[in-house]
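One structure is given below, encoded as structure tokens.
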Amino acid sequence: MNETTVWQVKTIAQRAQEALPDSVWLSAGYIALGLVGAGAFVALLGMVLIYAERKIAAHFQCRMGPMRVGWHGILQSIADTLKLLLKEDIVPENADKLLHLIAPFLCLLGALLTIAVLPMSPTLQVADVNIGVLYISAVSGLGVLGLLVAGWSSNNKWSLIGAMRAGAQIVSYELSATLALLVVVLLSGTLQLSKIVESQAQGWWIWRAHGVGIVSFIIFLIASVAEINRTPFDIAEGESELTAGFHTEYSGMRFAFFFLAEFINMFIVSAVCSTLFLGGWMPFHIGNLAGFNGIMDLIPPGLWFAGKTSFIIFLIMWFRWTFPRLRVDQLMKLEWKLLLPIGFVNLFAAAVIVLYNLYFFPK
Amino acid sequence: MGLVTEKLPIFLEPVPGGSVLLASMDKLINWARLNSLWPLTFGTSCCAIEVMMATGAPKHDIARFGAEVARPSPRQADVLVIAGTIVKRMAPTLRTLYEQMAEPRYVIATGSCAISGGPFVYGSYSTVRGADEIIPVDVYVPGCPPRPEGYFYGLLTLQKMIREGETLRHPGVRRKPVLAELPPGITMEDIRRDLVHLLEKEARVDLREAENATAESTERLLRSGNSSSLIRSTRD
Amino acid sequence: MTIAIRTLEDLTRPSATPDSPLATQEYFVNMGPQHPSTHGVLKLLLKLDGETVREVIPVLGYVHRGMEKVGEHLGYRQFVHMSDRMDYLSALMNNWAVSRAVETAMKIETNERIETIRTIMAELQRIQSHQLWWGVFGMDLGAFTPFLYGFRDREHVTDILEKTTGARLTMNYIQPGGLMFDLHPDFQKEVKEFIAYFRPKLKEYETLFSENVIVHKRVKGVGVLDAKTAISIGTTGPVLRASGVDYDLRKREPYGMYSKVKFEVALGTTGDTWDRYQVRIEEMKQSLSIIEQLIDNIPEGKTMLMKPGAKIKPPEGISYSHMETARGVLGIMLVSDGKDHRPYRIHLRTPNYNNIWSITHTAPGWRIADLVAILSSLDIVVPDMDR
Amino acid sequence: METQVLSSAVLAIDSKAQLRDKTDRLTVTIPVEALFTFLSKLNTDSSLAFDMLCAHTAIDWIAEQRFEMVYELYSTTHSHAMRVTTSVPRENTVVPSVSSLWRIAEWQEREVYDMFGILYENHPDLRRVLLDDGWQGFPLRKDYKDDYLLERPE
């Protein structure tokens, strides 16, 4: 193994742990920083993503998008957020009130918890759990609970249909997404996200593993787009079919939470995708080309991560503004008859590669 | 914040004497509301094409004002654009839609039909004569149908209304259209009576006969001061 | 004998619980009148079994304005204004249909210039209408971008029409006895520019939407309407032609300049949603070629043959005349008692009123998403249906 | 088929059929009792094959106290068209339904019931279509009165 640069990984949780013997307050400060930072990050990220989506969509469609609120409409999302926060919050009379109230939080919770383990750069990670991949696939399943509860509690037939669709869809596609993740786990031999990133120092998994990586990348991308309910898999809130799907009865603040959760989920999926397949914050390295690798190292790791993630986010937005929606049974067919078998074969191929050490630039 | 289920404008009611914090907060809130007017996708007839669809299209692009996020569910919409004729069968649904919208909610009536019944006033047994017979309307945009530019003007007018403090209105109070101050000695009733009189007088003249009339009878009409019938006959 | 009059409640009583323990209960859902994909205020009462549509009950009349009654209060020329507000996407063709009905009843012959301009206008409007339909069809399938592309190109036609007619939507240009005004001097140049612009755009439509595999999956074989049922239900226009019935009034009973131009009637084979889609795309191409043949050959002549204020009083009797609008056959039945300058009775046989009922035949057995696609492929305009 | 030939062929079906004047196309009047058999002949006879019911409506001749029912027929195979009319008195407005011959008749008849109050025998689903179920009166009748209806001033 020929390491040109050794990346020192230090998470916020680690810093808090190290500071604990010396000063409890410093440790608490780190934890508070992590929490507040994550919260602020999520809120800001949501606004930026919504603005980006509107601008990108507009330019795809020969329009200009928001222009009047601030320079080129840059304050548009702030106005929207503020307005949604201050709008009347209606709970329908026949709704299951408690469930109706907590559903949006459940939905957002799944998204928020995942943020904690994402390695954004060697020094910017809230917690480095040693079962990171497992944690992500477990926690991201929480979101579907929110959707189901929202659809059920609204006491509206359209909402219920939307929720049932969402439930069936997300649970099915979770399988393929996890299978695709397993491939990377096999290749890198670890569940810890920072270790997975480090294992890609000599080449990203998307191309380093003889096609297995790219296949599982595509499977993961499709499955995760389906998991976050974006076009062409947005049947759960398909506007032209179900008015607004599971969040038909939500207004104001709570609707904003669903909206936010959708965009945060998009970020998480992109971030996971770039961490596992595109090397996360790891610069683009080719085997032993020291000169080339050195130039690549000059770009800070945080930028690498942001760049890769934005690229995938752009890709997902591109899908949305190009493709029509699939039908519910076609969606299931795609998962169970196409993605899942391919995923299994791919996993087997990955096992063979690991067994005989058939990487480009082998270990 | 999200657990507040009361209507917010109530606790933002201005204190007599005014408080600086509340006033500037109010400005900020108004700014947010006027820049984020999400319409409900609601169109009954012709106006829907011009007002809901053509405005969203590349040439006019309502997204510039941040108002392109058309929500299909009334719960999430801010402004109800009544684009088209409202008939008796639709009236209860329109009322329900308005009731389902969350405060603050605004209503724009576009096109002659939504304002007054338009071309379907006479002879129609089912057309409602103006959406304001059912729900309060904030802005009227005339036209049959109005051009997209006309709708933008209506939208900007609504934004101006919000900027000037319309958020503080009580949600339950139905507002009356604001009229310019009348000259002394003339009441609103006088104008209405004159209008009715004029309309009746005009309608009694057979338009085609006026068209075929000789120069002499035209002059007689002119001398009698009934200019409205002449305007009408050139239009027909 | 007594004839029972039913109400809507009679139809929506829940069915008895089935015997089999595995059977699911059917339930009713109101789709509309406020629903994004019913194109206005149509209400479809759906009987669903899970996601599968078992029965569709269209409930009409949410924008029924009593057009026929209003017509009895108006003069013939005034009624042309009303026809704009019926099927507003083919306003010029509606104007023409009413004008032609009046001209037939009064036996007025128009000159070639008038007929040529009318034909060009009608075909431009057909393109305009189909562009909008294409966009909305995309939107109903979940793709938003086609809608804006369709509208982008529609604005070009709208601008051309606006220059001559002065209105963007309700043109009110074709009048009994001729045309409201003469053409704008730029008309020919702009139409030619538009044809050169729009031909490549049709290819773009195909790369963006027609060639998309998801679109094929969603529409091919969905909602098949066989020829016999289509005729029996009285569908017309692209819906009927998609079922393979060669019924186009422009060919069968040529009016305007259609007998002098070369064009083909676009026909489908199976009558599924995909065929209805293809027929309309093909019709846009044919319309372009019709305009191309006529635009350089507009003869000279008067554009209004009737005295502007002249009374229109057709002789006593019934007359029926029909025309092919963008959605199908618009028939106008005029009944005159010979005494009044207003029609004694005016009946509007609108294409959408007949077309919509085909959904009761095609939709059952498909999913909600397919229902939306089928409905969209019928290209309904609700005010035309309800009148 | 030529109009002359068509006219004699149609008139040969039923001796009660008569030509109606003051129309723009071939129009045959038939008493209401013979209407259904007459129309079903027109529909099924392969040389006539009127397979499309273009329009169906009624005309309220209030001066003569009768409704005139109008059927506009068209044949897609032979490309010929004709019109059949029949009269029913205003006090007993019962007409046989032809929805078994043309499916669209079901809904066109519903519209005519909605607007004129004509009752159809053997109609599968006779109810109002454009107006509410509880609507009073039939608006296209010439004697329809409504508090809401405004007459255009003469």
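For a quick protection proxy, order the peptides A:136-146, C:353-363 by their average other-Cβ count within 10 Å, most packed first. Walk me through the numbers on the way to the answer.
Numbers: A:136-146: 20.4, C:353-363: 23.7.
Per-residue mean Cβ counts within 10 Å order the peptides as C:353-363, A:136-146.
Pairs C:K69/C:K163; B:K88/C:K69; C:K203/C:K251: which are spaced more than 22 Å apart, C-alpha to C-alpha? Spell out each step's value before the answer.
Numbers: C:K69/C:K163 33 Å; B:K88/C:K69 15 Å; C:K203/C:K251 27 Å.
Exceeds cut-off: C:K69/C:K163; C:K203/C:K251.
What translational D, rounded to a whole number of µm²/s, comes out for region C:81-203 from Stokes-Einstein when the hydrodynamic radius is the Kirkwood one over Cα pairs, at 37 °C and 0.692 mPa s?
Values: Rh = 15.2 Å.
Here the translational diffusion coefficient equals 216 µm²/s.
By a straight-distance test (C-alpha under 18 Å), which lysines pair with A:K87 as possible cross-link partners, with residues fewer than eight away in the same chain excluded?
Counting by Cα, and skipping residues close in sequence, A:K87 has these lysines nearby: B:K7, B:K27.
Given a cut-off of under 8 Å on Cα pairs at least six residues apart, what relative contact order in percent is computed for chain D? Mind showing how you got there, number by number?
On the way: 247 pairs, mean separation 26.0, N = 154.
The normalised contact order for chain D reaches 17 percent.
Give me the base-10 log of I(q)/I(0) for region B:20-168 at each q in 0.16 Å⁻¹, Debye formula, one uniform scatterer per Cα, rounded to two decimals.
Taken in order of the listed q values, log10 I(q)/I(0) reads -0.81.
Measuring from the lowest to the highest alpha carbon on each principal axis, how far does chain A reach, largest first, in angstroms?
Principal axes ranked by extent give 65, 54, 44 Å for the Cα atoms.
Trypsin sites (Lys or Arg not before Pro), restricted to region D:56-154: which are DSSP loop and have at most 14 other Cβ atoms within 10 Å?
When the trypsin sites (Lys or Arg not before Pro) of region D:56-154 are filtered for loop state and at most 14 Cβ neighbours within 10 Å, D:K142, D:K145 remain.
Taking amide H positions as placed 1.01 Å from N in the peptide plane, with prolines and chain starts having none, which residues 5 or more places from D:H80, or on another chain, fall under 5 Å of its amide H?
Hits under the 5 Å cutoff: D:S75.
Based on Cα positions only, what radius of gyration and what Dmax would you give for region C:67-386, in angstroms?
Calculated on Cα positions, Rg and Dmax stand at 19.3, 61 Å.
Read phi for every residue in region A:290-297 and hand back ³J(HN,Hα) as whole Hz from Karplus 6.51 cos²θ - 1.76 cosθ + 1.60, θ = phi - 60°, with x for Gly and Pro.
Listing the rounded values in order: 5, x, 4, 4, x, 5, 5, 5 Hz.
What are the membrane-span-like helices in chain C by this rule: whole DSSP H runs, Cα extent along the axis at least 27 Å, mean Kyte-Doolittle hydropathy at least -1.0? Don't skip to the answer; put the middle values down first.
Details: long enough: C:112-140 (41 Å, -0.27); C:145-165 (30 Å, -0.68); C:273-295 (33 Å, -0.44).
Those that pass (Cα extent of 27 Å or more, hydropathy at least -1.0) are C:112-140, C:145-165, C:273-295.
Could you tell me the calculated FRET efficiency between C:T12 and D:Q65, based on Cβ-Cβ distance and R0 = 41 angstrom, to the nearest 0.05? If you can, show how the numbers build up before the last one.
Working: r = 38 Å, r/R0 = 0.94.
So the FRET efficiency works out to roughly 0.60.
So what J values fall out for region D:116-130 if you push phi through Karplus, 6.51 cos²θ - 1.76 cosθ + 1.60 with θ = phi - 60°, rounded to Hz, Gly and Pro as x?
Ordered by residue, 3J(HN,Hα) equals 10, x, 6, 9, 10, 7, 6, 7, x, 8, 8, 8, 5, 10, 9 Hz.
Based only on the alpha carbon positions, what is the Kirkwood hydrodynamic radius of region C:200-295, in angstrom? Display every interim value, and only then the final one.
Working: mean 1/r = 0.0698 Å⁻¹.
For region C:200-295, inverting the mean 1/r across all distinct Cα pairs yields 14.3 Å.
What aspartates and glutamates sit close enough to D:K22 to cross-link, taking a C-alpha to C-alpha distance under 19 Å and skipping anything fewer than 8 places away on the same chain?
Output for D:K22: C:E103, C:E316, C:D337, C:D340, D:D60, D:E64, D:E68, D:E72.
So for region A:275-357, what percent of the C-alpha to C-alpha distances run longer than 18 Å? Could you put the intermediate results ahead of the total?
Working: 2317 of 3403 pairs.
Distances greater than 18 Å cover 68 percent of the Cα pairs.
For n ≥ 4 DSSP H runs only, could you compute -39500 (n - 2.57) per run for the protein assembly as shown, divide by its residues and tell me the 222 nm figure to the nearest 500?
Values: 43 runs with 532 residues, N = 1140.
Calculated mean residue ellipticity at 222 nm is -14500 deg cm²/dmol.
Give me the three principal axis extents of chain D from the C-alpha atoms, as integers in angstrom, largest value leading.
51, 35, 25
Could you list which residues have their amide H under 5 Å from that of C:V53, counting only those 5 or more apart in sequence or on another chain, with H placed in the peptide plane?
C:G365, C:W366, C:R367, C:I368
Express the C-alpha Rg of the protein assembly as shown as a ratio against the empirical globular expectation 2.2 N^0.38 Å, rounded to two decimals.
Values: Rg = 33.2 Å, N = 1140, 2.2 N^0.38 = 31.9 Å.
It is 1.04.
Work out Dmax and Rg for region A:1-114 from the C-alpha atoms and quote the Rg first, both in angstrom.
For region A:1-114, the Cα radius of gyration and maximum Cα-Cα distance read 21.0, 66 Å.
Amide H neighbours of B:V107 under 5 Å, counting only residues 5+ apart in sequence or on other chains, H built in-plane at 1.01 Å?
B:L80, B:D138, B:V139
Quick one: Karplus J couplings for region D:14-24, per residue in order, coefficients 6.51, -1.76, 1.60, θ = phi - 60°, nearest Hz, x for Gly and Pro?
Taking θ as phi minus 60°, the curve returns 9, 6, 7, 6, 9, 7, 9, 8, 6, 9, 9 Hz for region D:14-24.
What residues of region A:49-70 lie in the reach of a label at C:T207, counting those whose backbone N is under 16 Å from a point 7 Å from the Cα along Cα→Cβ?
A:60-62
So what is the orientation-averaged projected area of region D:3-90, using the convex hull of its C-alpha atoms, in nm²? Please list the in-between numbers first.
Working: hull surface 22.1 nm².
The directionally averaged projection comes out at 5.5 nm².
Each reported figure results from applying straightforward, stated rules to the coordinates on display, with no laboratory input. Note that the structure is a prediction, hence the values are computed from the model and not measured. Every residue, glycine among them, receives a Cβ derived from its backbone with ideal geometry; neighbour counts consider all protein chains shown.
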